[in-house]
Each structure stands twice: as C-alpha cells, then as structure tokens.
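What follows is a short report on a single structure.
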Amino acid sequence: MRMVMKLLIKKIFEMQNKQIPNNPELEEVVIGGMLMEQRGVTEFVEVVKDTNVFYNQKNAIIYDAILSLYRLSQVADLMTVSDALKKMGKLKEVGGSAYLITLTEKVSSSANMQYHALILMQLYVKRKSIDVGCQLIEQSYEDDTDIFELLDYSYKELDKVSDWLSIKQPKDIGDYLTEVLKPKSERAGVPTAVRDINLKLNGYQPSDLVIIAGRPAMGKTAYALSDALHQARLGYPVGIFSLEMSARQLTARLFANYSGIDSNKLAFGSLTQSEMDVAVSLRPSFNKLPLYIDDEPFLTLLSLKIKAKKWVRERKVKIIYIDYLQLISNNQKGRTRDQEISEISRTLKGLAQELDIPIIALSQLSRGVETRADKRPMLSDLRESGAIEQDADEVVFLYRPEYYGIPQWEDGSPTANEVEVIISKFRNGTTGGIIMGCQLQYMRFFERGGFLHQENNLPKIDPKNNTPF
C-alpha cells in the first residue's frame, strides 16, 4: 500500500511538473560526512532521532545500516557499514562499496551536520504532509469510508508531523544548574490572582501540569477564570478549552469578575441601567484582553494538542486552562475508562513539557467525598484514575464547608463566603491549605477578610455584603 501511495504521489507531481521535496546532493554529503567521522553520526541522530529522513532509496538503506551500528555503540565507517550492508543482503542494492567510497569523496568532514540534518528533516516533514493529504484524498473517494475515522487518522498523522517541528536540543548540565541557582524572584511563573497562593506556588511554573479538583459547586471554574482573567490583565496571553460551558457562558463569567456585575444577571440579560452603563464603559478594555476560548464540546485529545500548539505558535499563549479533564474525548477500542484517563493525563503532562508552559486542568472528584463527615477531599478522591495524581506536579482541591451546611472552621470562625484551597501535592514545595474569601456570583477570590484588589478604574467588591463600591 505504501509503495502504491508513493508511486501515486510521484505521478501526481509529475503531472503538475513539480518535484517531490528532496535534496539528493545534500543527502549524499550527509551520508559521506557520517562515513568520514563518527561525530557526524552522533550529531545527525541527535536531531532526527531514529527516523529515516532520506528520500533516495540507496541513502535510506545506508542510513539504516549506520543507525544499526550506532545503536550497538559501534563505529560507522566505510568498512563497518559495508560489512553491515553485506549482512543485511543490501550491499549490491546500494551500488556496492564503490558507491560508499564515492560518497566519502564528496566531503572532507562532517562540519555543519546538525544544520544539514534540520534541512533534511524539514523536507521529510513536507513529504509526510503530502502523504497524509494524498491518503485523505484517496480514502475520501471510497464509499465505505467512515469520515470521522478518516479525520481522526488525519489528525493523528498530522500531529506526528507537527511533533517534528518542536524538537528540543539537549542542554549541558551547567545550563540547568544556572536555572536551579536563580533566586526565587527570577523563577516566578505565571502569577495567580490571589497573593497568598502566588507566594505559596511562586506562580504556575512552565512545563507543570496543575490539577484543580473538587466536587460540583465548589467553585473550580470560577477559581480558574479568576486566575485566567488576572493573568490576561497582566498581559499574559491565556488559552481556555471549555468542554462543559459554551464560550458565551464563559465570557459572561469572565466579565462578571471584570465588571463586578452579578454573573446570573449577565447570563439572563437582566441588567439594571446603571449596570449596563458599567458594562458599556468597560467593554472596550475587556475586548482587548488576550483571552482565547475554544468551546468544542467533544474535543479529542489529538485535536486539543493541535489547537494548543497553534495557540502557542500564533498567539504566544503562556498558559492553558482545560475545563474539565474527564470530558476530553479519547475513545480507544478495548480500553477501560481508567486507561483512557491515564493516557489523557500523561499526554497533558507531556504537552506542558513540550510547549514549556503551565497547563491547568480542572477535574471532578468521586462521590467518596460525600461519605465523610467533614466532606474534605483527599488525593484518593481523584476520579477514575490514580495516574492523574502521578502525572500532576500540583494537585489543588477546593473545599467550601458552607455548601455542606458546616457553619464554622476548626478554629470557630464562620465559613460563609470562604473557601479552603488545599494544596495536596506540590512536587517542588510543601503542601498545606489556605483559607480565602470568595464571591462566586462575581467569580472572585481574594485574601481572607480583605478587599479584592482591583485596578483603579474597575469596581471593587466589599466581601462583607457582596456589593460593588
């Protein structure tokens, strides 16, 4: 099938008087350089890993032989590669030892090997993209093709191709030590809205997967939106995947925080004239915030990855929120729900590392919370998979005893309009809980007993009576 596809692609290009993306001269120079110096093999493999990026069949076979020697920690030169090809029964197919000698005569060293490897890699990515496109065209003509399976296949293949464009080069240990020795002030991540939490976490750190979990009505979405809005107001581009609410609903909640207008009034369009005046005056500045929302309800894991990479590439997004993790579609035949959730959490952690940004994923908790007298959540309550706890760098629970009719905290103070943010896992710090004030009708969280700090031109909220002033 692959050979037929290759011939089809070649025929299409010939009909259009176009050449399939490749560079035969550069391929020969690269192979020659690797046969001349072992350093050239190492530098080339560092860039392309074990994928064969050569278009010319002879060169592709020779590279397979070189790579087999490299895996065995053996030197690749004229003699060893010739012997390896002979054992593979491929020496005559590539033109014998004479062809190998010809390749070494084209170069004097393996200089600029990594630069050459990047060029060949880009050509390979172009060919793979063409291959996916041709398969999409061919299968679209078949009557029995399931269009959703075809699109899913295309997403998977294009996602593999896009992964090639984000290969990280290894650093020396000295580079990492420089980062480790930076003072806390220089290592601050994307800031959170509430000062106490920000001091505790030092912001959301790049490459971290943060889980914000709780039972329904604990304020998970409000908490995430409060942080997201704060970050956008500071100039950090923010991406939000909303799988539960529409973009319209989410925007109403964000604007409730921004304007100090009750979110229920915004949702039902029942604003007073004075509230409408506030909304109109704040609309221009709100519209300029770098907030991006995707509300595709049946978002697949692959589609999420592709969209996230596009946000980072085109919008320079610095942090991504997902509301919520269990709603991501990952229907794999023969897999249990626990296995699916495990793959989702592992993928999100890998994506955070690849994009080098924090990813904040909201998560539901199991009903086990309700069986305890104090309803306080624990790590074992993370729903459907222990892998979430394992993959996360931080696990944060929201706990509102007021919702359960518990009127007082352990110290006897009232629980009304207050929430405990419980940091149950913190890979780079200590765990613990912080009690703070909350006004869920305005999607706001703030230091306990204090006023929510806002810019001078925005309404402030008095936490004692929940009214703007």
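Brief remarks on what is shown
- Within the accessible area of region 193-318 (1.4 Å probe), percent carbon and sulfur: 53 percent
- Here's how it looks for residue 213: its modeled amide H is under 5 Å from those of 363, 396, 397, 398, which are all 5 or more places away or on a different chain.
- Solvent exposure of residue 243, expressed as accessible area, is near 10 Å², computed with a probe of 1.4 Å over the protein chains only.
- Computed over region 234-311, relative contact order equals 53 percent, with contacts defined as Cα pairs under 8 Å that lie 6+ residues apart.
- Förster-model FRET efficiency, 25 Å R0, residue 195 and residue 296, C-beta, rounded to 0.05: 0.15
- When both region 331-375 and region 386-414 are represented by their alpha-carbon centers, they are found 18 Å apart.
- Approximating the spin labels as points 7 Å out from Cα along Cα→Cβ, the residue 288-to-residue 390 distance works out to 4.8 nm.
- FRET efficiency for residue 247 and residue 316, using Cβ-Cβ distance with R0 set to 22 Å, rounded to 0.05: 0.60
- Projecting label points 7 angstrom from Cα along Cα→Cβ for residue 130 and residue 265 puts them 6.2 nm apart.
- Members of 220/425; 58/87; 49/126; 58/90; 220/307 lying beyond 19 Å, as alpha-carbon distances in this model show: 220/307
- Residues whose placed amide H lies under 5 Å from that of residue 322, excluding near-sequence neighbours: 241, 360, 361, 362
- Potential extension, residue 156-residue 78 segment - 0.36 nm per residue separation minus Cα distance: 24.2 nm
- Too-long pairs where the Cα-Cα distance tops 30 Å, listed order kept, from 305/375; 265/305; 18/349; 156/318: 305/375; 265/305; 18/349
- Distance between modelled label sites at residue 379 and residue 38, nm, 7 Å Cα→Cβ extension: 4.4 nm
- Applying the Karplus relation 6.51 cos²θ - 1.76 cosθ + 1.60 with θ = phi - 60° to region 341-347 yields 3J(HN,Hα) values of 5, 4, 5, 4, 5, 5, 5 Hz, where x marks Gly and Pro.
- Compactness of region 393-445 is given as radius of gyration and Dmax, 12.2, 35 Å, from Cα positions.
The values are calculated or read from the model by the stated rules, or taken from the named source; none is laboratory data. Worth saying up front: this structure is predicted, and the values here are computed from it rather than measured. Positions of Cβ are backbone-derived with ideal geometry, glycine not excepted, and every protein chain shown enters the neighbour counts. Ligands, DNA and RNA are excluded from the accessible area calculation, which covers all protein heavy atoms including side chains. Shrake-Rupley method; radii C 1.70, N 1.55, O 1.52, S 1.80 Å.
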